[in-house]
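Written out below as structure tokens is the structure these notes cover.
Every number in this text was worked out from the coordinates using simple rules, so none of it is lab data. Keep in mind that this is a model prediction, so the values were computed, not measured. Glycine also receives a Cβ, built like all others from the backbone with ideal geometry; neighbour counts cover every protein chain displayed.
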Amino acid sequence: MKPYLKRAWAEISLPALRKNIETIRRMNSAETEIMAVVKADAYGHGDERICRCLASDCGIRFFAVSNLDEAIAVREFCPDAEILILGYTPPEYAHEIAQYNIIQGIVSTEYAQALVKNSFEKILCHIKIDTGMGRIGLKHDTPEACAEEIKQLCSMEGLSVEGIYTHFAAADSYSPDDISYTDNQEKFILDTYAALEAQGITLPHVHFMNSAACCCRNTPKSTLARAGIIMYGLHPDVSLEIPQELSPVMELKAVISHVKTVQPGDCISYGRTFTAEREMRIATVTIGYADGYSRQLSSKGEILVHGKRCRIVGRVCMDQLMIDVTDAQAESGDIVTLIGRDGDDIITADELASIYGTIGYEVVCGISKRVPRIYID
Ligand SMILES: *Cc1c(COP(=O)(O)O)cnc(C)c1O
């Protein structure tokens, strides 16, 4: 392990990642291969080590990213992988897409034409269909009309269509209305695929499963499962049950820099939002919102100190925060756990997310660059 500054750091467990992949493989049917979603620096876990581990140790062949920069990075880590760009690439970069042998998601015929015009080499692609997410993709009233446009794309010079895909808007919900909405999304893409087959066009891939779908509506009809958040051991939505074998890959730690006793009337942190009403022991911790530990956790979040939960007191600062350690054992230099397990207790990114009304995705993606990722193998 490389030396690093023990101020605030994230520990990334590669054994947990490998086990999560095994679990997802068991959840999926044999017909479905995992497409590892490693956008946004592998959801904040660090794309290099995550991709190398997935490709070398887990045998993952398919990767999905959000943009060309991420795709080129993954190409370096995984020379043989199939890499799909889910989002938009400006057409003037079409040449790079081809040069790095990347698969581009196609959002419209117009976009496909612009890409082809900008590249001498063939562009590999999967065609995105908007079946209800309302974000990007071909949009049609019927699968037949959609298949017709895809058929034209398949015959376009300079384009090699290898699959179609869509994205669910609410697969993480148990509400009957959302379930039937997702049913319709799934039916639309499968009917589109069937309509293409009826015309003699059999594409290697049709995919629509995300993490939520892996957990609650798994089907062998999706050739790929675009697994993101469950690979990192978090919930697509806190209300959605995930197999208990899945465990969080990231832990977040920091250090106690200072411990003091305060008297009734003493104030803590900016804005004097906290005033001690009794004698208390207060510890200062070396992490703040510039590290991605949200200021919205001010006076609300808890931190594990020697296995005991200690409440944040007052506002989270840019680089530091204060906690109440009156009932805990705490000394300068002690390591504390902001996300992860310590003793019998655990604080998850999902728990922090629910305190301030977001999702675990945003918590892990938001851990900033300043926080070194330390890989445990
Ligand atoms: C981010 C993303 C995924 C992965 O979603 P998870 O909920 O993390 O599994 C899959 N497909 C598309 C198109 C995405 O943008």
Beyond 26 Å (Cα-Cα) in this structure, taken from Lys39/Lys253; Lys19/Lys300; Lys6/Lys308; Lys151/Lys187; Lys117/Lys139; Lys117/Lys369, we find Lys19/Lys300; Lys117/Lys369
What ranking do Val305, Val285 get, fewest neighbouring Cβ atoms within 10 angstrom at the top? Val305, Val285
Principal axes first, then extents: for the Cα atoms of region 131-213, list largest minus smallest coordinate on each axis, whole Å, largest first. 43, 22, 20
Using Cβ counts within 10 Å as a stand-in for footprinting exposure, how do Lys187, Lys139 rank, fewest first? Lys187, Lys139
Among Arg75, Arg226, Arg18, which comes first, second and so on when ranked by fewest other beta-carbon atoms within 10 Å? Arg18, Arg75, Arg226
Antiparallel as a % of all DSSP beta bridges within the chain, to the nearest 5? 50
Work out which chymotrypsin sites (Phe, Trp or Tyr not before Pro) in the chain are exposed loop sites (DSSP not H, G, I, E or B, at most 15 other Cβ within 10 Å) and give the longest gap free of them. 175-355
Report, as a whole number in µm² per second, the diffusion coefficient that Stokes-Einstein gives for the chain at 4 °C and 1.567 mPa s using the Kirkwood radius over alpha carbon pairs. 58
Value at 222 nm in deg cm²/dmol, rounded to 500, when DSSP H runs of n ≥ 4 in the chain each add -39,500 (n - 2.57): -8000 deg cm²/dmol
Report, to the nearest 10°, how far helix 176-198 tilts away from the longest principal axis of the Cα atoms in the chain, using its own Cα long axis and a range of 0 to 90°. 30
